[in-house]
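Engineer: Questions regarding the structure given below will be posed in turn.
The values are calculated or read from the model by the stated rules, or taken from the named source; none is laboratory data. Note that the structure is predicted; figures quoted are calculated from it, not measured. A quick note on method: Cβ atoms are made from the backbone with ideal geometry, for glycine too, and the neighbour counts reach across all protein chains shown.
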Amino acid sequence: MSIDLKSRAVYPAWANDIVRYRDLDPNAHVSHLAIGEYFENGRVRLRHQQLARLDDDILKGFVLAKLSIQFNFELHFPGEVSVGTAVSRLGNTSYTLVQGLFQEDRCIANSEVITVYMGKETGRPTPLTDELRAALEEVALIEP
């Protein structure tokens, strides 16, 4: 069964944002850079909610290895948006997040991000701890 990433029902973690006038490009659409910021806000919120409770310094231990965004529809000012975020894969030293940017029930864009866990002492990719895995599994994709 394939999971529809354009459905709100598959995302367990949410962050809300507003469309700002400064987010517009010269064509009066919300720019791709602003959409990237909405996704970033969703990722940061998820990390603070799920991971900050593990260790104060843990939020400094991650780097983005890959970021891709698929744009589905134009977004306009004014308005409000919601970003759904879920873990889609846990690897040895990394995890993959998928996200959906929604205005009401319409999926404006989707994002996929691979994040690598870096060792504090080595600055090199480090295996995810059992505690970190458990926290990330709490926000895994929801199969409808």
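Engineer: Take Asp17 and decide whether it is in contact (Cβ under 8 Å) with a residue 60 or more places away in the chain, among the acidic types (Asp, Glu) and in contact with a strand residue (DSSP E or B) (Cβ under 9 Å, 6 or more places away or on another chain).
Structural biologist: On the way: in contact (Cβ under 8 Å) with a residue 60 or more places away in the chain: yes; among the acidic types (Asp, Glu): yes; in contact with a strand residue (DSSP E or B) (Cβ under 9 Å, 6 or more places away or on another chain): yes.
Here the answer is yes, as Asp17 does meet what is asked.
Engineer: Considering only residues that are of a type outside the set (A, V, I, L, M, F, W, C), outside any loop (DSSP other than H, G, I, E, B) and within 20 Å of Arg45 (Cα to Cα), which ones fall in segment 1-22?
Structural biologist: The initial filter retains those residues of segment 1-22 that are of a type outside the set (A, V, I, L, M, F, W, C), namely 2, 4, 6-8, 11-12, 16-17, 20-22.
Next cut, outside any loop (DSSP other than H, G, I, E, B) only: 8, 16-17, 21-22.
Residues satisfying the conditions are Arg8, Asn16, Asp17.
Engineer: Suppose we filter Gln99, Gln103 for residues that are modelled with pLDDT of 95 or more, over 13 Å from the mean Cα position of the chain (by Cα) and within 29 Å of Pro26 (Cα to Cα); which single one remains? Give the derivation first.
Structural biologist: On the way: Gln99 fails: over 13 Å from the mean Cα position of the chain (by Cα).
Step by step, each of Gln99, Gln103 is checked, and only Gln103 is modelled with pLDDT of 95 or more, over 13 Å from the mean Cα position of the chain (by Cα) and within 29 Å of Pro26 (Cα to Cα).
Engineer: Let me ask something else. Which members of segment 23-54 meet the condition of being in contact with an Asp or Glu (Cβ under 7 Å, 6 or more places away or on another chain) and in a strand (DSSP E or B)?
Structural biologist: First, the residues of segment 23-54 that are in contact with an Asp or Glu (Cβ under 7 Å, 6 or more places away or on another chain): 29-31, 34, 38, 41, 50, 54.
Val30 - this is the single residue of segment 23-54 that is in contact with an Asp or Glu (Cβ under 7 Å, 6 or more places away or on another chain) and in a strand (DSSP E or B).
Engineer: Here's a follow-up. Suppose the filter is among the small types (Gly, Ala, Ser), at pLDDT 95 or above and surrounded by 14 or more Cβ atoms within 10 Å (Cβ to Cβ); does Ala65 pass it? Don't jump to the end; show me each part of the working.
Structural biologist: Values: among the small types (Gly, Ala, Ser): yes; at pLDDT 95 or above: yes; surrounded by 14 or more Cβ atoms within 10 Å (Cβ to Cβ): no.
Considered against the rule, which asks whether it is among the small types (Gly, Ala, Ser), at pLDDT 95 or above and surrounded by 14 or more Cβ atoms within 10 Å (Cβ to Cβ), Ala65 comes out as no.
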